[in-house]
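Right, one structure below, let's go through it.
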Amino acid sequence: MTDTDPRIVLQPHLPVGETLLWAGRPDARKRFTRVDRVMIPTSVLMLGFTAFWLYQAISSGAPWFFRVVGAVITGVALWAVAGRFVFKARRARATVYGLSTDTASIVSGGATTEIPLRYAPLTVSGTADGSHLTVLLQTRGSDDQPWWKGRRGGFFGVTPDNTGAEMLGGGSFTNAFYDVAEVAGLRRALTTINDRLDRR
């Protein structure tokens, strides 16, 4: 799906009667998010602790249970330090975003998420250099919660959305358009949609 035109990918998923205003995909080269300022040092500390645990368990001849637990936790820590970045890039290459007249669509790994825009105001944030946009989908009246998924939990108090480690802390990848490099086209589509919503 990496080389396929996003519009072709989205066409079978387009709601009946709607017009596709914009289609694109996340930038697979963008690795880091603001959450990584917390996740990277925390996961490095966790890896150091679990590696020490595993070394002590093996060298002291501890029962097999402690060695297995140490190996599993060390594997999770390795994923949090490095593996998640590989996973995130592969997932981004297999993901397509689309905005139609009334729906935001996310197609990723064979699964499709469709979000009615009348229930999900769009919060737009960009990188400091203006090279990428992220569009967060929220519920009206909520305190910054995706409308189908709460923001509880997290990775040591931080929700790891779009980090590749969502499963470690209740994060999500299908609650926004993340890391979009095609800024101008997305902004035009958002303006069109906001104008439509304002007229209702």
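What to note about this one:
- Of the criteria (1) of a type in the set (Val, Ile, Thr); (2) in a helix (DSSP H, G or I); (3) crowded, with 17+ Cβ neighbours inside 10 Å, which one ILE40 fails: (3)
- Within region 3-18, the presence of at least one residue that is surrounded by 13 or more Cβ atoms within 10 Å (Cβ to Cβ) and among the charged types (D, E, K, R) is confirmed.
- Any hit, region 58-70, residues being surrounded by 15 or more Cβ atoms within 10 Å (Cβ to Cβ) and closer than 24 Å to ASN162 by Cα: no
- Pairs where the first residue, in region 1-22, is over 13 Å from TYR97 (Cβ atoms) and modelled with pLDDT of 90 or more and the second is surrounded by 18 or more Cβ atoms within 10 Å (Cβ to Cβ) and not acidic (Asp, Glu), C-beta under 7 Å, 6+ apart: GLU18/SER100; GLU18/THR103; THR19/SER100
- Scope region 5-33; condition in a loop (DSSP other than H, G, I, E, B) and under 26 Å from THR191 (Cα atoms); matching residues: ASP5, LEU14, PRO15, VAL16, GLY17, GLU18, THR19, ARG25, ASP27, ALA28, LYS30, THR33
- Residue identified as touching a Pro at 6+ places or on another chain (Cβ under 9 Å) and closer than 23 Å to ARG29 by Cα among VAL86, VAL107, VAL124, VAL81: VAL107
- Restricted to region 71-80, and to residues there that are of a type in the set (A, V, I, L, M) and surrounded by fewer than 16 Cβ atoms within 10 Å (Cβ to Cβ), the residue that is farthest from the chain's Cα centre (by Cα) is ALA71.
- Candidates GLY153, GLY141 - the one that is in a loop (DSSP other than H, G, I, E, B), modelled with pLDDT under 75, under 25 Å from ALA80 (Cα atoms) and of a type in the set (Gly, Ala, Ser): GLY153
The values are calculated or read from the model by the stated rules, or taken from the named source; none is laboratory data. Bear in mind the structure is a predicted one, so any value in this text is a computation, not a measurement. So basically every Cβ, Gly included, is an ideal-geometry build from the backbone, and we count neighbours across all protein chains shown.
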